[in-house]
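**Student:** The structure's right below; bear with me while I get my questions together.
The values are calculated or read from the model by the stated rules, or taken from the named source; none is laboratory data. Treat the numbers as computed from the prediction; the structure is a model and nothing was measured. No Cβ is skipped: glycine too gets one built from the backbone with ideal geometry, and neighbour counts run over all protein chains shown. Protein only, heavy atoms only, side chains kept; ligands, DNA and RNA dropped before computing areas. Shrake-Rupley method; radii C 1.70, N 1.55, O 1.52, S 1.80 Å.
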Amino acid sequence: MSSATATKYDVFLSFRGLDTRRNFISFLYKELVRRNIRTFKDDKELENGRRISPELKRAIEESKFAVVVVSVNYAASPWCLDELVKIMDFENKGSITVMPIFYGVDPCHLRRQSGDVAEQFKKHEAREEDLDKVASWRRALTSLASISGDCSLKCEDESKLVDEIADKISKKLMVVTTISNGSNLVGIDTHMKALNRKLDLNSNKGLRVVGIWARGYNGRSALAKYVYQEICQHFESHCFLGSVKRISHGRHLSHLHEEFLIRIQGEYVSKQNLKNQKVLLVADDVNKLEQLDALAEDFNSFGPGSVVIITTQDKQLFVSAGIKLVYEVELLRFQKVCELIRTFAFKKRDISAALQLVYYRATNLATKWFGCISGRSS
């Protein structure tokens, strides 16, 4: 989803109706609606062989958050897995935030695809003619299980779990609403001006590799996504490769190449065609030189005017890779936080409660955009 695309829903619910429609999902949906959180809940589950409708794809794209409730029979449903692939595609592009809920299942079994999940995939492989599709289901499920989420096995009271999830979504929406308003992106124009000088988008002289460094992962990642969404339209093909560290964990480095080819967007995309194209690649959260070397096999063949943006917490990585164009994200100044407090606090009658709310917003804004809070502790 481009930065210009408006969100229609706050939350998209993905679930297996057989397991959760009449209990957990019913309670969660009711609570979200009660809190005026715009929630999309599909009440139809397609039969095997039918494709996800354009309307459903659009609902995913037009949502800020995807809450994926993985239950015992979730991975047994081709429909749910197709939906999950779409959700993770948008997550990888940085246009939606995914919140997994592990309902009656162990996330380790999903990640390793063992136990019941292994049996479910054996049946998929026996039924499906398109084994590439099954492989995409496996990747999506593994990626989802690698994201931290709530687990019902650790909670004895489901009503308490529903409240906790609704609270988290409400708080996240406060931050997203604040950030999505351009006037509240503290210092973002200054950062973009400085980055644009290094990116030199009007140049067609060759490949430019630019590094972004910041202590806090959230600030670094958020800035990388913002830059990507702002400049991707200037390129013939473009790819946001989110969380390279997570993608590479426990896998052969050739997997990065596969992920790049899956996620790149453009009219004519193949390794041969990319040699003549102006390409944008943003590789977020790189933590090893070997990952850069693996990606270099792809981006060294990009056409003139191409740009590669690498983000990392390790400054030495840029030195080792010979990357000289590096932008260091400055910390959020305390005065900016004070401005936020003055903006929000006195709109509330209960000043104490307002200050608590504003402190939460200010802290999260600082953390998400500039890595300020988490950066000081790392």
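**Student:** Could we say that VAL286 is modelled with pLDDT of 90 or more, in contact with a strand residue (DSSP E or B) (Cβ under 6 Å, 6 or more places away or on another chain) and open to solvent by 30 Å² or more (accessible area, probe 1.4 Å) here?
**Tutor:** For VAL286, the condition - modelled with pLDDT of 90 or more, in contact with a strand residue (DSSP E or B) (Cβ under 6 Å, 6 or more places away or on another chain) and open to solvent by 30 Å² or more (accessible area, probe 1.4 Å) - is not met.
**Student:** Quick check on my filter: what residues within the range 22-40 are among the basic types (Lys, Arg) and touching a Phe, Trp or Tyr at 6+ places or on another chain (Cβ under 7 Å)?
**Tutor:** ARG38
**Student:** May I pose another question? Give me a count of the residues in the range 60-74 that are modelled with pLDDT of 95 or more, hydrophobic (A, V, I, L, M, F, W, C) and in a helix (DSSP H, G or I).
**Tutor:** The number of residues fulfilling the criteria is 0.
**Student:** Same structure again: Out of everything in the range 214-233 that is open to solvent by 30 Å² or more (accessible area, probe 1.4 Å) and closer than 16 Å to ILE309 by Cβ, what residue ends up being modelled with the lowest pLDDT?
**Tutor:** Result: TYR217.
**Student:** I've got another one for you. Is there a residue in the range 119-130 that is of a type in the set (Asp, Glu), surrounded by fewer than 13 Cβ atoms within 10 Å (Cβ to Cβ) and within 27 Å of PHE240 (Cα to Cα)?
**Tutor:** Within the range 119-130, one or more residues are of a type in the set (Asp, Glu), surrounded by fewer than 13 Cβ atoms within 10 Å (Cβ to Cβ) and within 27 Å of PHE240 (Cα to Cα).
**Student:** Let me ask something else. How many of the residues making up the range 62-86 are under 17 Å from ASP150 (Cβ atoms) and either over 16 Å from the mean Cα position of the chain (by Cα) or surrounded by fewer than 21 Cβ atoms within 10 Å (Cβ to Cβ) (or both)?
**Tutor:** Qualifying residue count, the range 62-86: 5.
**Student:** Suppose the filter is buried (at least 22 other Cβ atoms within 10 Å of the Cβ), modelled with pLDDT of 90 or more and either within 30 Å of VAL227 (Cβ to Cβ) or not small (Gly, Ala, Ser) (or both); does VAL105 pass it?
**Tutor:** Yes, satisfied.
**Student:** In contact with a helix residue (DSSP H, G or I) (Cβ under 9 Å, 6 or more places away or on another chain) and not acidic (Asp, Glu): does that describe ALA194?
**Tutor:** Criteria not met by ALA194.
**Student:** I've got another one for you. Where residues in the range 183-204 are modelled with pLDDT of 85 or more and among the charged types (D, E, K, R), which of them is most open to solvent (accessible area, probe 1.4 Å)?
**Tutor:** Across the range 183-204, the extreme among qualifying residues is ARG197.
**Student:** Restricting the range 7-32 to residues that are over 19 Å from ILE60 (Cβ atoms) and assigned to a helix (DSSP H, G or I), which is most open to solvent (accessible area, probe 1.4 Å)?
**Tutor:** Applying the filter and picking the extreme gives LYS30.
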